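> Encoded as structure tokens, here's the structure I'll be asking about.
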């Protein structure tokens, strides 16, 4: 029951935030590359592109992120049980490792960077999205555990 009431909602919130940040970083990286070659991109175009990218990337990149984070967080869950006071740091690292592994694996297998926003400095922005996701997941899990212990939820 703990999985359905505490872990899964925490994972879904952290995944949604992580995917949204990764999609946002991707979109802005691509727009920045266009601007660098002289294309004029207005604010409305940036917003529309960002929204369309979010919707377009959700079924593919969103699923890849969900799978990568679920594996990373599961492994980290067991490690964090042994290293009790290091949970937040471990989940931040897990988020970064999940993104690095997924992006490098996809590039190695397909011999192409399918996420254009993961090239150059965009790669590090994607890792930042993973770090934020790990941080949020760790904090939500901790808050839910506290609530369960002190309020009986």
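> How far is helix 87-110 tilted off the main Cα axis of the chain, in degrees rounded to 10, range 0 to 90?
Tilt of helix 87-110: around 40 degrees.
> Grab the beta carbon distance between residue 113 and residue 86, set R0 = 35 Å, and tell me the FRET efficiency rounded to 0.05. Write out the running numbers ahead of the final one.
Details: r = 33 Å, r/R0 = 0.93.
The value I calculate is 0.60.
> How far is helix 63-82 tilted off the main Cα axis of the chain, in degrees rounded to 10, range 0 to 90?
For 63-82 against the chain, the angle is about 30 degrees.
> For the chain, what ratio Rg/Rh do Cα atoms give with a Kirkwood hydrodynamic radius?
1.05
> Separate question: Ranking 23, 108, 70 by Cβ neighbours within 10 Å, fewest first, what do you get?
Lowest count first: 108, 70, 23.
> Subtracting the Cα-Cα distance from 0.36 nm times the residue separation, let me have the gained length for residue 32 to residue 145 in nm, one decimal.
The residue 32-residue 145 span can extend by a further 36.5 nm.
> In degrees from 0 to 90, rounded to the nearest 10, what is the angle of the helix 8-36 Cα long axis to the longest principal axis of the chain?
Roughly 20 degrees between the two axes.
> Let me have the relative contact order for segment 2-148, percent, based on Cα pairs under 8 Å that are six or more residues apart.
Over segment 2-148, the number comes to 35 percent.
> Something else now. With each label point set 7 Å from Cα along the Cα-Cβ vector, what nm distance links residue 13 and residue 48?
3.5
> Where does each of 18, 113 land when they are ranked from fewest to most other beta-carbon atoms within 10 angstrom?
The fewest-first ordering by Cβ neighbours comes to 113, 18.
> In which sequence would 139, 81 go, from the one with the fewest C-beta neighbours within 10 Å to the one with the most?
Working: 139 15, 81 9.
So the residues, fewest neighbours to most, are 81, 139.
Quick note: the coordinates plus some simple rules give every number you see, no bench work behind them. Every value quoted in this text rests on a predicted model; they were computed, and no experiment measured them. Note: ideal-geometry Cβ built from the backbone for every residue, glycine included; neighbour counts use all protein chains shown.
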